[in-house]
1. Is there a quick way to get the dipole size of the chain? I mean about its Cα centre, with the Cβ of Lys and Arg at +1 and of Asp and Glu at -1; what is the value in debye to the nearest 20?
2. Which of the three applies to the chain, rounded, prolate or oblate, going by the alpha-carbon gyration tensor with a ≥ b ≥ c and a/c under 1.5 meaning rounded?
3. Compare the Cα positions of 158, 134, 115 along the charge dipole of segment 113-172 (+1 at Cβ of Lys, Arg; -1 at Cβ of Asp, Glu; about the Cα centre) and return the one farthest towards the positive end.
4. Pull up the DSSP beta bridges for the chain and report the antiparallel fraction as a percent, rounded to 5.
5. Sequence gap at least 6, Cα distance under 8 Å: using those rules, report the relative contact order of the chain to the nearest whole percent.
Amino acid sequence: SMADLNLILLGPPGSGKGTQGERLQEDLDLPYYATGDILRAAVKEGTDVGTGAKEYMDRGDLVPDEVLIGIIAERLESGEANHGFILDGFPRTVVQAEALDAKLVELHRAITAVIQIDVDDDESVRRLSGRRVCTEGGHVYHEDFNPPKVEGVCDIDGSELIVRDDDKAEVVRHRLDQYHEKTAPLVDYYKTQALLNRVEGSKDPESVEESIHTLVSTLSLEEGT
Ligand code: AMP
């Protein structure tokens, strides 16, 4: 219905999309589709999608559009997102954004808002270089800014914390280049559709969460929920 929240989190690697996406999911209790997590799970399971995606991910390149469009279309068509969703890491190209728009039109749905979490490259690099993720659920920490209670162990599921292969310095630079070249054009794409809401992402996670919470509350009021 018109009252559903169909949200997109947009931002460079290290902007805190994963951290904020998890919190938003708990807050709103909506299906949360983080395409990086979905792809990493596919790699771990050794599916065809995972095997095909791995080489791109290891290089810090984007996985081909049709793969991601297929992954998201399947979830939107399944019915599980019929009362709203949170997308994190998709779309990442204009081609993906156009495919999403077409799919939503077909399903008589529409994006409620795009939340742009804005941080500069230096901050992205600082965040990614200290980032640790858990091997079980992909929960995200930072060795200085957001350490786990017990070093090397996930607070939430107790699994081991590791450095992602693509968080190594040389790959991080390439991921940021890819972001500027292929994903940053989405800022204007969604501005044109009057869907863009910018949040200052360089503050601490609690402040960013608060900004997003305020924004989503306003959206809910406007949508009449
Ligand atoms: P993330 O965890 O969001 O940083 O994603 C990790 C990696 O997965 C990216 O560097 C890409 O290789 C791939 N990936 C995730 N989402 C997409 C997407 N929407 N389009 C293309 N590649 C993606």
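Read the figures in this text as sums done on the coordinates, not as results from a lab. It should be emphasised that the depicted structure is a prediction, and the values quoted were computed from it without experimental measurement. When we count neighbours, we look across all protein chains shown, and the Cβ atoms used for this are built from the backbone with ideal geometry, even at glycine.
1. Working: 23 positive and 46 negative charges, 54 e Å.
For the chain, the charge dipole is close to 260 debye.
2. Values: a/c = 1.45, a/b = 1.24, b/c = 1.17.
Rounded, since a/c falls under 1.5.
3. About the Cα centre, the residue reaching furthest to the positive side is 158.
4. Values: 7 of 24 bridges.
DSSP beta bridges in the chain are roughly 30 percent antiparallel.
5. That works out to 30 percent.
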